1. Which residue, of 171, 216, is at pLDDT below 95, surrounded by 16 or more Cβ atoms within 10 Å (Cβ to Cβ) and over 22 Å from the mean Cα position of the chain (by Cα)?
2. Among (1) farther than 18 Å from residue 37 by Cα; (2) in a loop (DSSP other than H, G, I, E, B), which single condition is residue 135 missing?
3. Just to confirm my filter: which strands (runs of 3 or more DSSP E) fall fully inside the range 279-347 and include at least 2 residues that are surrounded by 24 or more Cβ atoms within 10 Å (Cβ to Cβ) and in contact with a strand residue (DSSP E or B) (Cβ under 9 Å, 6 or more places away or on another chain)?
4. If you take the residues of the range 358-405 that are part of a loop (DSSP other than H, G, I, E, B) and touching a strand residue (DSSP E or B) at 6+ places or on another chain (Cβ under 6 Å), which of them is surrounded by the fewest Cβ atoms within 10 Å (Cβ to Cβ)?
5. For the range 307-320, state whether one or more residues are under 21 Å from residue 250 (Cβ atoms) and at pLDDT 85 or above.
6. Checking residue 129 against (1) more than 27 Å from residue 177 (Cβ to Cβ); (2) within 27 Å of the chain's Cα centre (by Cα); (3) surrounded by 16 or more Cβ atoms within 10 Å (Cβ to Cβ), which single condition isn't satisfied?
7. Give me a count of the residues in the range 359-385 that are out of contact with any helix residue (DSSP H, G or I) (no Cβ under 8 Å at 6 or more places or on another chain) and either touching a residue at least 40 places away in the same chain (Cβ under 8 Å) or more than 20 Å from residue 62 (Cβ to Cβ) (or both).
8. Taking the stated definitions as given, is residue 114 surrounded by fewer than 18 Cβ atoms within 10 Å (Cβ to Cβ) and free of Cβ contacts under 8 Å to residues at least 24 places away in the same chain?
């Protein structure tokens with residue numbers, strides 16, 4: 001199975017034996033080809049309790065439409081998209097070499113013909129190295145900062161937040177309500193060899209474009225702003241151990257430059273800010289019990305995805321907003337093999353220095369209750385309830401969304 005999917009499933013399943021350890025392995029001369037992936041689909045039923053006129057910029061919880069409709073349903077993938085991956089491995093000249101290419105098709109579309117959704121292409125990278133000196137990766141893969149946070153989220157087998165009508169490629173899981181999305185980035189990274197459970201990774205990453213972020217009184221303005229001064233820098237240290245009580249602890253970071261130009265018309269001067277973030281987390285398992293605790297702190301990184309409500313225009317100057325948060329999660333496998341889980345996550349958004357925007361989101365939080373049952377070695381049946389609440393800096397404005405999800409996820 002693709003290494004990233006294996007990590008994702010290991011983190012989400014915790015101690016439940018519900019998936020295979022490899023995909024379809026095909027010997028091919030000097031190479032071994034692993035064809036792997038998953039297919040999942042969920043029926044989602046959402047109910048909103050906020051009016052269409054109650055605007056909260058950056059809110060995760062939805063609101064009723066202009067006709068007063070407060071119920072939305074749809075069929076979609078969950079946090080983990082449907083996946084088809086190809087990984088080839090070989091050893092040549094005392095060097096381990098591999099490549100990975102993956103595609104993520106959609107299982108739902110709300111267009112009239114059902115053919116409008118655009119597939120995702122999240123991975124295309126090569127690695128080379130040796131256990132004696134480490135591994136180098138070049139290409140597109142999951143970001144390093146907050147990567148372990150999403151890979152440890154139990155809603156990888158389910159839905160989490162962000163479920164509404166059909167047509168979206170994926171839901172949000174705990175993104176925006178427990179951690180920031182790591183995103184899929186072009187990168188050049190080096191990971192040390194495993195030194196008695198300790199590993200470290202350092203990388204330069206693609207300075208992804210990010211524009212629509214400036215908000216004033218609920219209005220979002222698209223500006224000529226991008227991560228463009230230099231390559232991003234991300235890294236992580238991790239220690240993992242085995243035994244009756246097994247687990248890992250990690251800490252990661254990210255740093256980017258953000259520049260705003262007078263060409264955007266809404267800025268009086270050329271100015272830039274540095275976007276920084278760090279996190280710390282742990283996941284522990286003992287018998288049928290699994291526990292995860294995670295915390296992050298950031299400046300100018302955003303709350304949901306990179307750039308989302310990250311900066312404000314304060315009197316013509318670019319000013320960063322601080323965001324912090326995290327999540328706690330507990331899972332337990334009962335005698336039937338069903339994994340039961342409970343999680344709480346929150347992202348807190350502070351105003352920028354000198355900013356006065358009462359409609360800016362102050363907090364997005366989420367409660368998740370889930371049941372994940374391994375019907376077969378490869379197939380999990382899933383039932384989830386998610387409650388998402390968004391609160392504005394104006395204390396009179398908040399919104400709530402209740403989501404019930406039923407579906408299944410198959411790994412191969």
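The values are calculated or read from the model by the stated rules, or taken from the named source; none is laboratory data. Quick caveat, the model's predicted, so the values are computed rather than measured. Positions of Cβ are generated from backbone atoms using ideal geometry, with glycine treated the same way; all protein chains shown enter the neighbour counts.
1. Step by step, each of 171, 216 is checked, and only 216 is at pLDDT below 95, surrounded by 16 or more Cβ atoms within 10 Å (Cβ to Cβ) and over 22 Å from the mean Cα position of the chain (by Cα).
2. Against the list (1) farther than 18 Å from residue 37 by Cα; (2) in a loop (DSSP other than H, G, I, E, B), residue 135 comes up short only on (2).
3. Numbers: elements: 289-299, 311-314, 317-320, 322-333.
Qualifying strands (runs of 3 or more DSSP E): 289-299, 322-333.
4. Looking only at the range 358-405, we keep the residues that are part of a loop (DSSP other than H, G, I, E, B), and these are 358-359, 375-378, 393-397.
Still in the running and touching a strand residue (DSSP E or B) at 6+ places or on another chain (Cβ under 6 Å): 359, 375, 378, 393.
On the way: 359: 19, 375: 12, 378: 14, 393: 19.
That would be 375.
5. Of the residues in the range 307-320, the ones under 21 Å from residue 250 (Cβ atoms) are none.
Within the range 307-320, none of the residues are under 21 Å from residue 250 (Cβ atoms) and at pLDDT 85 or above.
6. Condition not satisfied by residue 129: (2).
7. Start the filter on the range 359-385 by keeping residues that are out of contact with any helix residue (DSSP H, G or I) (no Cβ under 8 Å at 6 or more places or on another chain), which leaves 359-367, 369, 371, 373-379, 381, 383, 385.
Now narrow it down to the ones that are either touching a residue at least 40 places away in the same chain (Cβ under 8 Å) or more than 20 Å from residue 62 (Cβ to Cβ) (or both): 359-361, 364-366, 371, 373-379, 381, 383.
Residues flagged as out of contact with any helix residue (DSSP H, G or I) (no Cβ under 8 Å at 6 or more places or on another chain) and either touching a residue at least 40 places away in the same chain (Cβ under 8 Å) or more than 20 Å from residue 62 (Cβ to Cβ) (or both) within the range 359-385 amount to 16.
8. Working: surrounded by fewer than 18 Cβ atoms within 10 Å (Cβ to Cβ): yes; free of Cβ contacts under 8 Å to residues at least 24 places away in the same chain: yes.
In short, yes.
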